[in-house]
1. Which value in deg cm²/dmol, rounded to the nearest 500, describes the helix-derived mean residue ellipticity at 222 nm for the chain, given -39,500 (n - 2.57) per DSSP H run of n ≥ 4 and division by the residue count?
2. For helix 39-51, report the angle its Cα long axis makes with the longest principal axis of the Cα atoms of the chain; keep it between 0 and 90° and round to the nearest 10°.
3. Using a Förster radius of 25 Å, what is the FRET efficiency between residue 105 and residue 60 based on their Cβ-Cβ separation? Nearest 0.05, please.
4. Give, in nm to one decimal, the length gained when the segment between residue 20 and residue 112 is fully stretched (0.36 nm per residue of separation minus the Cα-Cα distance).
5. If you look for lysine pairs in the chain that are eight or more places apart or on different chains, how many of them have Cα atoms under 18 Å apart?
6. Just add up the charged neighbours of residue 37: K/R +1, D/E -1, any other residue whose Cβ is under 12 Å from the Cβ of residue 37.
7. Run the Debye formula on the Cα coordinates of the stretch 46-114, all scatterers equal and no solvent, and tell me log10 I(q)/I(0) at q = 0.25, 0.26, 0.28 1/Å.
8. Per residue of the stretch 60-75, in order, report the coupling 6.51 cos²θ - 1.76 cosθ + 1.60 (Karplus, θ = phi - 60°) as ³J(HN,Hα) in whole Hz, putting x for Gly and Pro.
Amino acid sequence: MIFMYNKALQQASDVLVHELLKVQKDEVFIITADMIADRAVVDAIFTSASQVGAKPLIVWMNTPDGVSEAADPFLPGEALVGMLSVADIWIELNHKWLLYSNVYYQTMKNNKKL
């Protein structure tokens with residue numbers, strides 16, 4: 001798959017990473033995305049985080065049938081919680097969101113710096 005460079009999208013991602021999130025060098029920066037998330041957006045944010053010296057990681061997952069707790073049966077919950085529990089920053093670009101899922105609740109319980 002070939003990704004087209006979009007200057008406006010990259011500039012918006014730079015604002016998000018540099019100015020809004022104030023990402024720092026060596027921070028663990030995790031992006032979660034399901035299979036219907038916009039790959040260009042994921043790539044742009046990853047690039048912005050890389051440019052400031054963060055340690056970005058993209059986690060692609062199957063799109064669950066539901067959102068929040070309804071997504072739980074479709075998620076690799078233990079693996080996600082383990083990874084997110086040590087992240088400095090988590091950007092959720094899932095089309096079917098994880099907010100208020102058991103992954104979200106457990107991650108927030110385990111990771112007070114997130």
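The values are calculated or read from the model by the stated rules, or taken from the named source; none is laboratory data. Everything quoted here is computed from the prediction, not taken from an experiment. Note that we place each Cβ from the backbone using ideal geometry, even for glycine, and neighbour counts take in every protein chain shown. Remember, those area values only see protein heavy atoms, side chains included, never the ligands or the DNA or RNA. Shrake-Rupley method; radii C 1.70, N 1.55, O 1.52, S 1.80 Å.
1. Result for the chain: -9500 deg cm²/dmol, rounded to the nearest 500.
2. Helix 39-51 and the main axis of the chain meet at about 70 degrees.
3. Values: r = 22 Å, r/R0 = 0.89.
In this case the efficiency is close to 0.65.
4. Here the answer is 31.2 nm.
5. Details: 22/55; 22/112; 22/113; 25/55; 25/113; 55/113.
So the count of such lysine pairs works out to 6.
6. Around residue 37, the charge tally is -2.
7. -1.16, -1.22, -1.32
8. Rounded to whole hertz, the list is 8, 9, 4, 6, x, 6, x, 10, 6, 5, 5, 7, 3, x, 9, 9.
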